[in-house]
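Notes to accompany the following structure.
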Amino acid sequence: MAPQREWFEKDYYAVLGLQKGATEKEITRAYRKLAKQHHPDANAGNKDAEERFKEVSAAYDVLGDAPKRKEYDEVRAMAGSGANPFGPGAGGGFGGAGPFGDDSGVRFETGDMGGLGDLLGNIFGGRGRRGQTTRQPGAGPRRGGDLEAEVHLAFDDAVRGATIAVQLTGAAPCHTCGGTGAAPGTVPQTCPQCNGAGTLAVDQGPFSFSQICPRCGGSGRVVEKPCPTCSGSGSETRTREVKVRIPVGVADGQRVRVKSKGTAGSNGGPPGDLYVTVHVAPHPLFGRKGNDLSLRVPVSFSEAALGAEVKVPTLDGSVTVRIPPGMASGKTLRVRGRGMPKAAGGAGDLLVTVDVVVPQALSEEQRQAVEALAATESANPRAHLGV
Ligand SMILES: [Zn+2]
Ligand SMILES: [Zn+2]
C-alpha cells in the first residue's frame, strides 16, 4: 500500500514557496502564480503538473482560510514542540520522516487523539467516527479541486454586469454515470468487507489503528459493474462551458467564486469551486476608484477665472458642472451620485478635475486683451518663494 501522509506532516508553506510567517497577500499571490503555472488547462496530459496543481490547491485551501490556517499552525507547533504523546516508539506508525512520520500505511486513529482529533475534524470536516476522521486520497468522499479562470470585460460590461461563458478543460463528472462510476442501470454497493466504513480496525496494544480497506480502497463502496465510459473512475476529461454571472460594478482584478463548478469530487465527494479573475479594460475617458469615477475636463483660462457652466459626460447621459470663479487648475469638483451605478453597491460620485488650458497661439485681439490684463496685475504670485 502506498504510504499515507497526514495533512499536518505536509509543509503547506513550502508547497507555496513561502516562509511560515507569510502574509495573506503573499499566500494569495503565490497561490495564484502556481495555480496558473500548473493549471490542467495549460498542461494537458501532464501528470506532474496535475499533482502540483492539486498540492498547491490543497495548501491554499488551508493557508488561504484564516481560521483553518490558525489551526494548522497550532497543530504543527504542537507536533514540533514534542508536546504530543505520540513520539517515536509510542506504538508504531510514528517516527521516521517527521514527528508524525508514517510510512507503514497504517493510519493512527485520530478519533483517540483528543484535542488534536478535534482540530483535524475541524479542518477537514471529519465525522469524528473511528476510521473516518480524516480525508485522504482514496479514503472516503473527496472534494474536487478548485479551478481558476480569467475573463476580460469591456468597461461598460463591468458597469452593468454580464454573463460570460467560460470554457474549461479538465476532469468533469462522467456524462454516462453522472460520476458514480457504476454502469448505467446499476449503483455502487456498500463494501461488504468494511461495511462502508472504508477502513478496518487493527488493535495494537493500548492503541487502536485503522487500515484502509483493501477491497474498496477506502471509499466504502464498490462498483460491481464499472461504467464503460470512465472505467469506473467517475470522471472524464472534457471541455465544458460554464456560464459565469459577473456582478454589476465588478472591479479589475476581482475574483468571482462560482460554487461547485470546479473539478468533480471523487467517491461521491462534492465538486470544487471555480474562481474567475476578472480583468476590466480601462475606459477611454473615465478612471475608477472603488465606486467613484474620475474625469479630467479642460476649461479655458477665462472659464476658470470668471466661472462657467460646463457640460461633462457621465456613464448615463451628461451633467452640467458649475465651475466657480477663480477655479485653479488641478482642483477637483465632486458630482454626487454620478459615479458607478447604485446597483454596484452604493452609488459613487463623479470626480471632475479641471485642467486650465493655456492657449498655444493668440490672435492680435487676444494678445492685446491679455496684455491689458497683465498691466493690471500688481501682486507677485511668486512672492512666497523669497527670490
Ligand atoms: Zn462513468
Ligand atoms: Zn471496504
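The values are calculated or read from the model by the stated rules, or taken from the named source; none is laboratory data. Note that the structure is a prediction, hence the values are computed from the model and not measured. Neighbour counts run over all protein chains shown; Cβ positions are idealised from the backbone, glycine included.
So, residue 176, is that one out of contact with any helix residue (DSSP H, G or I) (no Cβ under 8 Å at 6 or more places or on another chain), under 30 Å from residue 314 (Cβ atoms) and more than 16 Å from ligand 2 (Cβ to nearest atom) or not? Quick ask: steps written out before the conclusion?
Working: out of contact with any helix residue (DSSP H, G or I) (no Cβ under 8 Å at 6 or more places or on another chain): yes; under 30 Å from residue 314 (Cβ atoms): no; more than 16 Å from ligand 2 (Cβ to nearest atom): yes.
The answer is no for residue 176.
Hey, can you tell me all the residues within the range 182-221 that are among the basic types (Lys, Arg) and outside any strand (DSSP E or B)? Reasoning before the result, please.
If we filter the range 182-221 for residues that are among the basic types (Lys, Arg), which is where we start, we get 215, 221.
Answer for the range 182-221, where residues must be among the basic types (Lys, Arg) and outside any strand (DSSP E or B): just 215.
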For this session: Quick one: residue 166 ticks every box in (1) modelled with pLDDT of 85 or more; (2) part of a strand (DSSP E or B); (3) within 16 Å of ligand 1 (Cβ to nearest atom); (4) aliphatic (A, V, I, L, M) except a single one, so which number is it?
Result: (3)
Exercise. Filter the range 251-273 for residues that are under 29 Å from residue 185 (Cβ atoms) and surrounded by fewer than 18 Cβ atoms within 10 Å (Cβ to Cβ); which is nearest to ligand 1 (Cβ to nearest atom)?
Worked result: 268
Problem set entry | Of all residues making up the range 162-178, the number that are surrounded by 17 or more Cβ atoms within 10 Å (Cβ to Cβ) and over 17 Å from residue 223 (Cα atoms) | 7
Problem set entry | Failed item, numbered, when residue 180 is tested on (1) farther than 25 Å from residue 149 by Cα; (2) at pLDDT below 85; (3) more than 11 Å from ligand 1 (Cβ to nearest atom) | (3)
Exercise. Mind checking which residues of the range 222-250 are surrounded by 18 or more Cβ atoms within 10 Å (Cβ to Cβ), within 16 Å of ligand 1 (Cβ to nearest atom) and among the small types (Gly, Ala, Ser)?
Worked result: 232, 234, 235
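Just give me the residues in the range 199-221 being hydroxyl-bearing (Ser, Thr, Tyr) and within 16 Å of ligand 1 (Cβ to nearest atom), in sequence order.
Quick first cut of the range 199-221, residues hydroxyl-bearing (Ser, Thr, Tyr) only: 199, 208, 210, 219.
Correct list: 219 only.
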For this session: Identify, from the list 244, 248, 202, 222, the residue that is without any contact (Cβ under 8 Å) to a residue 40 or more places away in the chain and β-branched (Val, Ile, Thr).
Result: 222
For this session: Considering every residue within the range 230-241, establish whether at least one is away from ligand 2 (no atom under 16 Å from the Cβ), touching a residue at least 40 places away in the same chain (Cβ under 8 Å), outside any strand (DSSP E or B) and among the charged types (D, E, K, R).
Result: no
Exercise. When the residues of the range 210-221 are filtered to those that are closer than 16 Å to residue 181 by Cα and more than 7 Å from ligand 2 (Cβ to nearest atom), which remaining residue is surrounded by the fewest Cβ atoms within 10 Å (Cβ to Cβ)?
Worked result: 217
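May I ask you to say which residue of 251, 264 is within 24 Å of residue 183 (Cα to Cα), within 20 Å of the chain's Cα centre (by Cα) and of a type in the set (Gly, Ala, Ser)? Spell out how you get there, then give the answer.
Details: 251 fails: within 24 Å of residue 183 (Cα to Cα).
When all the criteria are applied, what remains is 264.
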For this session: Please determine, by comparing only the residues of the range 184-196 that are among the hydrophobic types (A, V, I, L, M, F, W, C) and over 36 Å from the mean Cα position of the chain (by Cα), which one is nearest to ligand 1 (Cβ to nearest atom).
Result: 191
